[in-house]
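To start, the structure itself, in structure tokens.
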Amino acid sequence: MQKMIITASMAVIMAFVTAVALCVRALRAPVSVFSESSSKMKIVLDAGHGGIDGGVTGVRTGVKESDLNLAITLLLKEELEKTGFEVVLTRKTEAGLYGTTAKGFKKRDMEKRKEIILEEKPMLVLSVHQNKYPSKSQRGAQVFYSKKSANGKKFAVALQEKLNGLYQTERVKARRATAGEFFMLNILPVPSVIIECGFLSSPLDEELLVSEAWQKRLAGTIVEGVMAYLSDNAV
């Protein structure tokens, strides 16, 4: 009888220890809104332009948009992976994805990005860009979405809200997420956005955008927007 009591007691103790260990493990795990397969947590990041297609340039420094896009995308990748997401990049280096610079290179570049996204089947797509406008007074980040995607709009609005908060620390007027007809927004029927991180035509925005400290703040803010969207919209 005594042996049975000791055995039962040991079983209870082991069950308690196991439960505590599982709780500790859960607390140490990366924050995530998903508990199923890793494929549901996959995000594709697209650093716009690249290679001979440098995009727009800074009004003072002459910095290329393509270089800034890649720098911010790599920081964003790092932050998203810390949060528990699997991240796939369309462009990993300064080079473009067109293969050859012969006529039609831009179309080949875009088709390659499409091929990567279709193959990966992500839950979200974010394309990183920089903006430009004839007037130097235009400032701040702006997010674009497909007018055909209700969830894309919700995603863009969540990101825009966070980015507005970041730029408001620099006394920049808030902007609104906007529908746009862009190739990258219509590749898959999943929430997809283009993030224009700031205006390289504005000396003040440019000064921020070339700063690694600001790039890190941008990346962190975009992750906040991703999490805000997912917390309100189960995927």
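Structural remarks
- Considering only residues in the stretch 110-137 that are over 20 Å from the mean Cα position of the chain (by Cα) and not small (Gly, Ala, Ser), the one that is modelled with the lowest pLDDT turns out to be 111.
- Residue 198 being under 24 Å from residue 88 (Cα atoms), in contact with a Pro (Cβ under 8 Å, 6 or more places away or on another chain) and either crowded, with 22+ Cβ neighbours inside 10 Å or not small (Gly, Ala, Ser) (or both): no
- Being surrounded by fewer than 16 Cβ atoms within 10 Å (Cβ to Cβ), modelled with pLDDT under 95 and touching a strand residue (DSSP E or B) at 6+ places or on another chain (Cβ under 8 Å) is a property that residue 92 lacks.
- Between 162, 136, 106, 114, the distinction of being assigned to a helix (DSSP H, G or I), in contact (Cβ under 8 Å) with a residue 12 or more places away in the chain, basic (Lys, Arg) and touching a helix residue (DSSP H, G or I) at 6+ places or on another chain (Cβ under 7 Å) belongs to 162 only.
- Residue 136 being in contact with a Gly (Cβ under 8 Å, 6 or more places away or on another chain), over 20 Å from residue 75 (Cα atoms) and surrounded by fewer than 22 Cβ atoms within 10 Å (Cβ to Cβ): no
- Scanning the stretch 152-191 for residues that are of a type outside the set (A, V, I, L, M, F, W, C), out of contact with any Gly (no Cβ under 6 Å at 6 or more places or on another chain), crowded, with 22+ Cβ neighbours inside 10 Å and under 22 Å from residue 113 (Cα atoms) turns up just one, 152.
The values are calculated or read from the model by the stated rules, or taken from the named source; none is laboratory data. Since this is a predicted model, take the numbers as computed values, not measurements. Because the Cβ atoms are built from the backbone with ideal geometry, glycine has one as well, and the counts that use them run over all protein chains shown.
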